[in-house]
Every structure is written in C-alpha cells, then in structure tokens.
C-alpha cells in the first residue's frame, strides 16, 4: 500500500492540534503517515509497546481494556496512543476499527518534537 502523508488541513480539524501554528502543522503533516484500516482490524493492542500516536480522520473505532471492557468509541477528530508515549508505558487499551477507518500516525520522535507539549501538565 502506498504511503501518503496527512495534510495540514486535515490536522487542523483535530481539536487537539487546531491551535498549533500553521508552520508547525505543515511540518507535522509531512511526518504523519495516513493509513486506511478495514473493519475488525486492531490498530493498537493493550500491553504492546507504544511507538506511534494516532489521529482519526474518518470512521469509528472501539476502545477496549481487559479490566474495564469496552471503554468507548473514537470518531473523526479524536486521537489515541498518547498515554503510552507520554508516560512511556505499554498500550493501555486495544483500539479496533468498527467501520472503514482513516487514521494518521507519527512516531515517537515526531510526537516528542511537536505533540508532547500539548500533553504536559499545566501545574
């Protein structure tokens, strides 16, 4: 499957990222790899090492956790994967496509460079 990058326009529709300067969004977009996921496919699995951060462009995903069962649904504009990267812990949940899904993701270095500050404690 050919790799393609996200666009600044798509990233700007993600509330978390909407406040980033245009130049930062443009750089981030080049690093974000777009991916189409078929229904039933797990994108991340609970307990696995976390090495990517994801944003949802289209479709619906189910979030489940062994201890708590179904945790919720992710929709366009949502994101996931930040806990494993920000806290350096294994994946805390399994995220599975419910419908055809389009996500974009970036690696840890990109997360650290552009996104980690968005998750920093305010205190």
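Since every read-out is calculated from the coordinates, none of them should be taken as a lab result. For clarity, every value in this text was computed on a predicted model and none was experimentally measured. Here Cβ is always computed from backbone atoms with ideal geometry, including for glycine, and neighbour counts include all displayed protein chains.
Relative contact order for the chain: 32 percent, from Cα pairs under 8 Å spaced at least 6 residues apart, divided by residue count.
Structure remark: mean-square fluctuation, Gaussian network model of the chain, C-alpha springs under 10 Å; the largest value among 51, 88, 78 belongs to 88.
Between residue 99 and residue 68, how high is the FRET efficiency from 1/(1 + (r/R0)^6) when r is the Cβ-Cβ distance and R₀ = 30 Å? Nearest 0.05. Could you put the intermediate results ahead of the total?
Working: r = 23 Å, r/R0 = 0.76.
Result of the calculation: an efficiency of 0.85.
In this simple spin-label model, placing a label point 7 Å from the Cα along the Cα-to-Cβ direction at both residue 38 and residue 120 gives a separation of 4.3 nm.
By the compact-protein rule of thumb, 2.2 N^0.38 Å, the alpha-carbon radius of gyration of the chain corresponds to a ratio of 1.01. Sorting 105-111, 52-58 by their mean Cβ neighbour count within 10 Å, with the most densely packed peptide first, gives 52-58, 105-111. Rg ratio for the stretch 54-110: its Cα radius of gyration over 2.2 N^0.38 Å, N being its residue count, equals 1.12.
Summary of the geometry: the stretch 1-50 and the stretch 74-96, compared by the centres of their Cα atoms, lie 12 Å apart.
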